[in-house]
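Inspection log for the structure reproduced underneath, given as structure tokens.
Read-outs throughout are calculated quantities, based only on the coordinates presented, and are distinct from any laboratory measurement. Only a predicted model underlies this, so the values are computations on that prediction, with no experimental measurement involved. Reconstructed Cβ throughout: ideal geometry from the backbone, glycine too, with neighbour counts over all protein chains shown.
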Amino acid sequence: MRTLNQILNKIDSEDELTKDNFKFLLQLKNRGDIDLLFRKAYEIKQKYVGNKTYFRGIVELSNICRKDCYYCGIRRSNKNVNRFVLKEEQILSAAKWAYENNYGSVVLQSGERNDKAFIEFIEKTLMEIKKLSDGELGITISFGEQSYDTYKRWFEAGAHRYLLRIETSNPEHYKKLHPPDHFFEERLNCLKMIKDIGYQTGTGVMIGLPFQTVDDLVSDLFFFKEFDIDMLGMGPYLVNEDTPLAKEFLNFEEKKDEQYLLGLKMIACARILLRDVNIASTTALQALKYSGREMGLLAGANIIMPNITPMEYREAYQLYDNKPCIDDDAELCLDCLKQRIYGIESEIGYGEWGDSPHFKKKNLINNI
Ligand code: SAM
């Protein structure tokens, strides 16, 4: 089973693809073949999750982080970062703006902290967001590794989706990207707790990382499948010059196109394998190409996370160099996004949570 047509036929007849098939798809080089892959993934998206794009306004509420990941611009040891924490009123005002502009949901994300003050601050903020929107705004959170008790408190305070990227599903690879006191097993265990508590569970990886092979990427896809995830947020790895991993990726400028296409191919393969999960088209794609996020939607993604963080803080949340949209206010971002989404003939799911169809289906079955 080696040619692209044979694999595409296999998809049409709903046969499971093998790891070898996905390896072949990820290694496609010819632009025409790659477009055929994207078109097939788009068809699967239409069939299983429909044509709507859902907005989740993201608030990056603090860049203070206790972790020291080798790839990340806000890692603890990076002294070139102005650290900030938004005040509760600032987060609420961003959430109110999202609500008034008919975004169905918000995402709250930050560097990782697990002190009592932070846990309580997030809990209270979640409750206030629920209050200001009459319970109508959906809330996704992404605050890294926490205890079972903390995850549960935040769930009970109103968050119902959690994003925790595994970063790579290969434990040996994980070791090369993190200091010795960051553990793959711990991250995996956190994902299990998140799922167990009842969150819609989202994970993801960085694509095109140093030391990563195409077999690793194929394993990542099957990890998502076996873990039975509900949401996927993955994007190309982008160099931040203030991080240790930057020296492992020389001449990044020359390899941008390759990173970009690999990011899109992973989205397409994930849609083909996972079918009815929510998949985000991430900002990292847009950092590589102006129309990167729309291309993500055309390759199978159905979620966009427009940045609604107050403008003056965006520059300080630079996970990687050249992050887009740091100069556009939320109003401007929204206008430009609407045009871009309509431009690819997708509808916007205004005011809807746009929950993962996969999660809904699972729960329906479990409740029978
Ligand atoms: N602290 C939380 C956590 O660990 O999940 C959320 C914030 S963390 C900065 C969010 C994600 O940013 C990470 O999971 C990682 O995949 C991504 N990220 C960090 N540095 C990156 C880089 N240089 N290129 C692409 N993505 C990056």
For GLU14 and LYS29 in the same chain, what is the full-extension length gain: residue separation times 0.36 nm, less their Cα-Cα distance, in nm?
2.9 nm
Cβ-based exposure ranking for TRP154, TRP97, in which fewest neighbours within 10 Å come first
TRP97, TRP154
Can you list the cysteines of the chain that have no other Cys Cβ under 4.7 Å away?
CYS65, CYS190, CYS269, CYS325, CYS333, CYS336
Extension length gain for GLU347 and GLU254 (0.36 nm per residue less Cα distance), in nm, is 30.0 nm
Out of the DSSP beta bridges found with both residues in the chain, what percent are antiparallel (nearest 5)?
5 percent
Could you please rank SER169, SER142, SER93, placing first whichever residue has the fewest other Cβ atoms within 10 Å of its Cβ?
SER93, SER142, SER169
Enumerate the lysines that LYS195 could reach by cross-link, defined here as Cα to Cα under 19 Å, with residues fewer than 8 away along the same chain left out.
LYS152, LYS225, LYS360, LYS361, LYS362
Relative contact order (%) - criterion: Cα under 8 Å, at least six apart; region: the chain:
24 percent
With 0.36 nm assigned to each residue of separation and the Cα-Cα distance removed, SER77 to GLN90 gains 2.0 nm
Qualifying GluC sites (Glu not before Pro) for segment 236-297 [loop in DSSP, other Cβ within 10 Å: at most 15]
GLU241
Neighbour counts of other C-beta atoms within 10 Å: give me VAL85, VAL277 arranged from fewest to most.
VAL85, VAL277
What's the FRET efficiency of SER291 with LYS131 using the Cβ-Cβ distance as r and R₀ = 45 Å, to the nearest 0.05?
0.75
Modelled FRET efficiency - R0 41 Å, GLU186 with LYS360, Cβ distances, 0.05 increments:
0.90
Sort out for me the Cα centre separation of segment 195-270 from segment 128-167, rounded to whole Å.
23 Å
Just to be sure I understand the model, the point goes 7 Å from the Cα along the line to the Cβ. What's the resulting ASN114 to ASP329 distance in nm?
4.0 nm
Please get the size of the charge dipole for the chain, origin at its Cα centre, with Cβ charges of +1 on Lys and Arg and -1 on Asp and Glu, quoted in debye to the nearest 20.
460 debye
Dipole of the chain, positive direction: furthest Cα of ALA284, GLY296, LEU8, with charges on the beta-carbon
LEU8
